[in-house]
Amino acid sequence: MAMTRLSRRDGFTLTEMLVTMVVMLVVAGIITQTALQATRTFSQQQRSIDARKNVGASLDMLVRLTRMAQTINPDPDGNGIMDSIRLTGDWNPPNGVLTDAYETVTFTVAGGQLLKQEPLDGAPVPFADQVDSIAFTYYDTNNILLTDPVASAAKIAYVTMTLTTPPPQPGLKRLVISSAAAVRRTE
């Protein structure tokens with residue numbers, strides 16, 4: 001039976017093992033940092049997408065209600081800033097009467113939320129979150145800007161709406177989404 005003799009070259013030395021471990025730790029650290037950065041980027045993008053969807057859906061509802069409104073109060077809170085709107089329309093149920101429940105709705109922004117209030121609500125209720133501001137601009141049938149829409153509310157034929165969200169994280173831009181609606185008058 002032949003015995004094999006082990007030489008000093010068989011296996012790894014302690015130095016080789018330590019160098020290998022250090023290299024592996026550096027590679028693991030780089031991979032971990034890359035994974036963490038990807039997770040942060042994904043979270044940031046997800047917040048931005050959520051804000052866009054939230055504001056987009058809110059804006060769609062505002063446009064739809066504005067199109068169907070028979071009357072528009074462009075400054076229901078009376079602050080002189082076009083940052084709220086009261087819409088009245090025969091939409092619940094459409095029966096020719098504008099005094100049914102839920103046929104008047106007021107939208108405003110406070111505390112980072114778009115709020116709505118209907119006649120049976122005791123106070124404004126949250127409609128959408130992640131909304132910093134809302135602004136309305138009013139035009140007549142000739143597409144001329146109404147400089148005093150409160151005094152000329154009966155002339156409102158076209159409304160632009162702009163919603164602004166907070167930035168998804170510090171250092172990024174706010175999301176600003178605008179849309180417009182032609183008011184369908186039945187007069």
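The values are calculated or read from the model by the stated rules, or taken from the named source; none is laboratory data. Computed from a predicted structure; not experimentally measured. When we count neighbours, we look across all protein chains shown, and the Cβ atoms used for this are built from the backbone with ideal geometry, even at glycine.
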Near pairs, Cβ below 8 angstrom, 6+ apart or cross-chain, from segment 62-78 (over 12 Å from residue 107 (Cβ atoms)) to any residue that is buried (at least 20 other Cβ atoms within 10 Å of the Cβ) and of a type in the set (Val, Ile, Thr): 67/183
The one condition in (1) of a type in the set (A, V, I, L, M, F, W, C); (2) surrounded by 15 or more Cβ atoms within 10 Å (Cβ to Cβ); (3) in contact with a Ser or Thr (Cβ under 6 Å, 6 or more places away or on another chain) that residue 163 fails to fulfil: (3)
Unique residue being more than 20 Å from residue 79 (Cβ to Cβ) and surrounded by fewer than 17 Cβ atoms within 10 Å (Cβ to Cβ) when the list is 126, 168: 126
Close pairs (7 angstrom Cβ cut-off, 6 or more residues apart or separate chains): without any contact (Cβ under 8 Å) to a residue 12 or more places away in the chain and over 16 Å from residue 88 (Cβ atoms) in segment 148-169, assigned to a loop (DSSP other than H, G, I, E, B) and not aliphatic (A, V, I, L, M) anywhere: 167/173; 167/174
Options 75, 90, 60, 100; residue that is of a type in the set (Asp, Glu) and under 20 Å from residue 126 (Cβ atoms): 60
Filter pass, residue 131 being touching a residue at least 40 places away in the same chain (Cβ under 8 Å), touching a Gly at 6+ places or on another chain (Cβ under 9 Å) and assigned to a strand (DSSP E or B): no
Residues (among the polar types (S, T, N, Q), closer than 18 Å to residue 103 by Cβ and buried (at least 19 other Cβ atoms within 10 Å of the Cβ)) located in segment 37-83: 66, 73
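Yes/no per residue for (1) of a type in the set (Phe, Trp, Tyr); (2) modelled with pLDDT of 85 or more; (3) assigned to a loop (DSSP other than H, G, I, E, B); (4) more than 28 Å from residue 130 (Cα to Cα):
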site	(1), (2), (3), (4)
7	no, no, yes, yes
41	no, yes, no, no
50	no, no, no, no
53	no, yes, no, no
58	no, yes, no, no
86	no, yes, no, no
90	no, yes, yes, yes
98	no, no, yes, yes
Scan of segment 80-97 for residues that are closer than 10 Å to residue 69 by Cα and among the aliphatic types (A, V, I, L, M), ordered by number: 87
Sole exception among (1) buried (at least 19 other Cβ atoms within 10 Å of the Cβ); (2) of a type in the set (A, V, I, L, M); (3) in a loop (DSSP other than H, G, I, E, B) for residue 150, by number: (1)
